[in-house]
Amino acid sequence: MSPLLLWLGLMLCVSGLQAGDEEEHKCILEGQNLTLTCPYNIMLYSLSLKAWQRVRSQGSPETLVLTNTRKADFNVARAGRYLLEDYPTESVVKVTVTGLQRQDVGLYQCVVYLSPDNVVILYQRIRLVWCQEQPVTVIVLTCGFILNKGLVFSVLFIFLCKAGPKVLQPSKTSKVQGVSEKQ
């Protein structure tokens, strides 16, 4: 297998549902880190526990990391590859997943954790999936390479044309002198 195809095969996409049920895609290499920011209502949830959960197709979501403090300035929790940072003064939760792997494919959510059975989903759910646009990436990379080389050769051609040999045209005064000499 070529290195380019191997590289393309290890890419992951992150898609989140936006307003109007539109999806946003962002491709990430397997082994890289994923960092997301989830805003929340500062008046309602600044002192509540926050969590990062994996949503299963059946049953309740699996809590991967959960804060255990309710400080007014900063709360942090780490569990394995998951880091959750709560910034109550900025009303955001920052989630980092380190070393993305194939088994990370699935649906995730940031939540305000009121109790195991009572959570408030923050911002948007995130679906981690394998990228399906690999051939498009190859085409874009190839076209970019070709366009780049075309631009370099065009600039080189312009410089060579400007630096080429100059042919001197006879001046008008020499023509006038030649006419007067004949008379």
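What follows draws every value from the coordinates through simple rules; no lab data is involved. Because the structure is a prediction, the values reported are computed rather than measured. Note that we place each Cβ from the backbone using ideal geometry, even for glycine, and neighbour counts take in every protein chain shown.
Diffusion coefficient of the stretch 78-125 by Stokes-Einstein, Kirkwood radius over Cα pairs, 20 °C, 1.002 mPa s: 174 µm²/s.
Classify the stretch 33-115: rounded, prolate or oblate, from the alpha-carbon gyration tensor (a ≥ b ≥ c, eigenvalue square roots; a/c under 1.5 rounded; otherwise prolate if a/b is larger than b/c)? It is prolate, given that a/c is not under 1.5 and a/b is the larger ratio.
Residue 87 sits among other residues whose Cβ lies under 12 Å from its own Cβ, and their net charge, with Lys and Arg +1 and Asp and Glu -1, is -1. Estimated from the Cβ-Cβ distance and a Förster radius of 41 angstrom, the FRET efficiency linking residue 120 and residue 30 is about 0.85. For the stretch 47-52, putting each phi into the Karplus relation 6.51 cos²θ - 1.76 cosθ + 1.60 with θ = phi - 60° gives couplings of 9, 8, 6, 10, 8, 10 Hz, in residue order, rounded to whole numbers and with x for Gly and Pro.
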